[in-house]
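The values are calculated or read from the model by the stated rules, or taken from the named source; none is laboratory data. All values reported here derive from a predicted model rather than from experimental measurement. Here the Cβ is made from the backbone with ideal geometry for all residues, glycine too, and neighbour counts use every protein chain on show.
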Amino acid sequence: MNIIMLIKAVIITGIFLLLVLIGLNNTAPVDFSLPPLLSSVVKKPAALMYFSFFAAGLLTGAVLSIGIRKSSRQA
C-alpha cells in the first residue's frame, strides 16, 4: 500500500470522526438565512447544517480536482 494513500485514509477517517462528534454534541437548532435563494429562515440543527456545508465543499472540491486526460496517440 502506498504511504500517501495510507495518510489520506487516516485524514479522511479523522474528518469523519469529527463529523460524528459534531453531530452528537450540536443538537440545538440554528437560524440560516440566504435572502437571494431562500424566502424564509431555515431552522435546523447545527450539526445537520455543518454536515451539509461539508458535503457541498467536498463535492465542489471533487469536481474541481477532476482532470482532463489528453490521450497521446502515436502514429
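Per-residue answers, yes or no, for (1) more than 21 Å from residue 58 (Cα to Cα); (2) small (Gly, Ala, Ser):
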site	(1), (2)
4	no, no
7	no, no
13	no, no
18	no, no
28	yes, yes
32	no, no
36	yes, no
41	yes, no
44	no, no
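Here's the yes/no breakdown for (1) in a loop (DSSP other than H, G, I, E, B); (2) more than 15 Å from the chain's Cα centre (by Cα); (3) at pLDDT 85 or above:
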| position | (1), (2), (3) |
| --- | --- |
| 13 | no, no, yes |
| 20 | no, no, no |
| 23 | no, no, no |
| 27 | yes, yes, no |
| 35 | yes, yes, yes |
| 38 | yes, yes, no |
| 43 | no, yes, yes |
| 47 | no, no, no |
Would you say residue 70 is part of a helix (DSSP H, G or I), over 14 Å from the mean Cα position of the chain (by Cα), at pLDDT below 85 and among the charged types (D, E, K, R)?
no
Any residue in segment 44-65 that's under 25 Å from residue 25 (Cβ atoms): show its pairings with residues that are polar (S, T, N, Q) and loosely packed, with under 14 Cβ neighbours inside 10 Å at Cβ separation under 7 Å, as long as the two are six or more apart or on different chains.
45/27; 47/27
